[in-house]
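Before any comments, here is the structure.
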Ligand SMILES: C[S@@+](CC[C@H](N)C(=O)[O-])C[C@H]1O[C@@H](n2cnc3c(N)ncnc32)[C@H](O)[C@@H]1O
């Protein structure tokens with residue numbers, strides 16, 4: 001057992017009083033063990049978070065989390081076109097496995113049922129959580145980037161394949177998500193759950209802009225195509241989704 005320094009014990013007591021989630025160096029996700037690698041313009045990157053207070057968006061009732069400096073693994077693209085945050089430099093971050101992202105992915109996965117369609121592979125985090133849900137029968141992922149698929153798919157397949165006997169089957173399709181949906185014939189039974197996570201927004205104006213320009217038409221398209229499907233939209237779950245990540249305190253400790 002490791003002993004805690006007085007300063008750390010004091011910070012922990014403050015975090016508890018303030019209802020901040022406590023995160024330390026031992027905090028990990030399935031992506032924490034991914035090898036650092038680059039394929040084409042995509043790479044897996046890892047760095048330690050600065051210790052301090054970060055937003056947790058009221059997930060499980062916590063407005064913030066306090067970290068002593070956990071590791072963050074990210075999927076990044078070299079110099080893509082389009083709007084980016086000035087502070088990003090030449091690497092654009094598509095996905096991070098920080099506490100709120102991992103909590104959100106687990107939330108969508110826990111609420112998923114049956115045949116599940118996932119828009120955007122990213123780090124594949126949501127797939128790890130889906131594979132732990134015994135009510136999931138199959139997973140189809142649609143990802144636009146060949147490089148993301150080459151980089152991340154080999155890290156997932158052995159795990160998903162090893163889930164027996166109720167292992168959900170995993171299929172990864174290279175396509176633009178909207179084009180993929182439009183190509184599926186109307187006679188196809190479709191999916192029971194659709195988890196959409198395609199967008200990275202920096203700041204509220206971009207959240208609003210993407211919501212109006214992309215999320216609204218996508219919701220309309222998906223509800224027209226598969227009226228029975230339950231939808232999750234990461235970043236927009238409370239606005240458009242049937243599946244939301246809990247914002248109230250957990251009662252299971
Ligand atoms: C935020 S990440 C997804 C993270 C993922 N949910 C996870 O659990 O790690 C977004 C992904 O969507 C892909 N993407 C972006 N636009 C797309 C589109 N129109 N069609 C298909 N994939 C797209 C990006 O290449 C990226 O891999």
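Using only alpha carbon pairs under 8 Å that are at least six residues apart, calculate the relative contact order of region 16-98 and give it in whole percent. All intermediate terms of the calculation are to be shown ahead of the outcome.
On the way: 146 pairs, mean separation 25.8, N = 83.
It rounds to 31 percent for region 16-98.
For residue 132 and residue 93 in the same chain, what is the full-extension length gain: residue separation times 0.36 nm, less their Cα-Cα distance, in nm? Display every interim value, and only then the final one.
Details: separation 39, 0.36 × 39 = 14.04 nm, distance 2.65 nm.
Full-extension gain reported as 11.4 nm.
When the Kirkwood hydrodynamic radius is evaluated over all pairs of different C-alpha atoms of region 102-212, what value in angstrom, to one decimal, is obtained?
Numbers: mean 1/r = 0.0679 Å⁻¹.
Kirkwood hydrodynamic radius for region 102-212: 14.7 Å.
In deg cm²/dmol and to the nearest 500, what is the mean residue ellipticity at 222 nm of the chain if only DSSP H runs of at least 4 residues count, each as -39500 (n - 2.57), divided by the residue total? Present the calculation step by step, with values, prior to reporting the outcome.
Values: 8 runs with 77 residues, N = 253.
It comes out at -9000 deg cm²/dmol, rounded to the nearest 500.
Quick check on region 23-143: of the DSSP beta bridges with both residues there, what percent are antiparallel, nearest 5%? Display every interim value, and only then the final one.
On the way: 19 of 26 bridges.
Just about 75 percent of them are antiparallel.
With both bridge residues required to lie in the chain, what share of the DSSP beta bridges run antiparallel, to the nearest 5%? Please list the in-between numbers first.
Details: 19 of 42 bridges.
If we restrict to bridges inside the chain, about 45 percent are antiparallel.
Between rounded, prolate and oblate, where does region 1-45 land on the alpha carbon gyration tensor, with a ≥ b ≥ c its root eigenvalues, rounded for a/c under 1.5, else prolate if a/b exceeds b/c? Mind showing how you got there, number by number?
Working: a/c = 4.02, a/b = 2.59, b/c = 1.55.
Because a/c hits 1.5 or more and a/b exceeds b/c, region 1-45 counts as prolate.
Classify region 209-253 as rounded, prolate or oblate from the Cα gyration tensor: take a ≥ b ≥ c as the square roots of its eigenvalues, call it rounded if a/c is under 1.5, otherwise prolate when a/b beats b/c and oblate if not. The partial results should precede the final answer.
Values: a/c = 4.88, a/b = 1.73, b/c = 2.82.
Because a/c hits 1.5 or more and a/b fails to exceed b/c, region 209-253 counts as oblate.
Evaluate the Kirkwood expression for the hydrodynamic radius of the chain, namely the inverse of the mean inverse distance over all pairs of different C-alpha atoms, and round to one decimal in Å. Write out the running numbers ahead of the final one.
Details: mean 1/r = 0.0515 Å⁻¹.
Computed over Cα pairs of the chain, the Kirkwood hydrodynamic radius comes out at 19.4 Å.
PRE reach from residue 86 (point 7 Å along Cα→Cβ): which of region 179-216 fall under 18 Å by backbone N?
So the set is 202-206.
For region 93-158 and region 66-92, compute the distance between their C-alpha centroids and round to whole Å.
19
With a cut-off of 8 Å between alpha carbons and a minimum separation of six or more residues, what is the relative contact order of the chain in percent?
Working: 429 pairs, mean separation 43.9, N = 253.
Contact order relative to length: 17 percent.
Please list, short to long, the whole-number percent of alpha-carbon pairs of region 171-222 in consecutive 5 angstrom bins beginning at zero.
That works out to 4, 15, 25, 25, 15, 10, 5, 2, 0, in percent per bin.
Give the calculated FRET efficiency between residue 39 and residue 202 to the nearest 0.05, with a Förster radius of 30 Å applied to their Cβ-Cβ distance.
0.75
Once you have all Cα-Cα distances for region 11-102, histogram them in 5 Å bins from zero and send the whole-percent values.
3, 13, 21, 20, 17, 13, 8, 3, 1, 0
I'd like the FRET efficiency for residue 8 and residue 239, computed as 1/(1 + (r/R0)^6) with the beta carbon distance as r and R0 of 35 Å, rounded to 0.05. Write down the numbers at each step before the final one.
On the way: r = 39 Å, r/R0 = 1.10.
With a Förster radius of 35 Å, E is 0.35.
Under 10 Å, Cα contacts only: if you run a Gaussian network model on the chain, which one of 207, 142, 126 comes out with the highest mean-square fluctuation?
Result for the chain, Cα springs under 10 Å: 207 fluctuates most.
Quick check: Cα centre of region 191-208 to Cα centre of region 17-33, how many Å?
Cα centroid to Cα centroid, the span is 24 Å.
Please build a GNM for the chain, connecting alpha carbons under 10 Å apart, and tell me which residue among 211, 52, 82 fluctuates the most.
Of 211, 52, 82, the most mobile in the Gaussian network model is 82.
Return one number: the angle in degrees, 0 to 90 and rounded to the nearest 10, between the long axis of the Cα atoms of helix 146-161 and the longest principal axis of the Cα atoms of the chain.
Relative to the chain, helix 146-161 is tipped by roughly 80 degrees.
Between residue 248 and residue 26, what's the calculated FRET efficiency when r is the beta-carbon distance and R0 is 25 Å? Round to 0.05. Let's see the in-between values first.
Working: r = 26 Å, r/R0 = 1.05.
About 0.40, to the nearest 0.05.
May I ask for the angle, rounded to the nearest 10°, between helix 216-225 and the longest principal axis of the chain, with both axes built from Cα atoms and the value confined to 0 to 90°?
Orientation of helix 216-225: about 50 degrees from the principal axis.
Throughout, read-outs are computed from the coordinates displayed, never taken from laboratory work. Every value quoted in this text rests on a predicted model; they were computed, and no experiment measured them. As a convention, Cβ positions derive from the backbone with ideal geometry for all residues, glycine included, and neighbour counts pool all protein chains shown.
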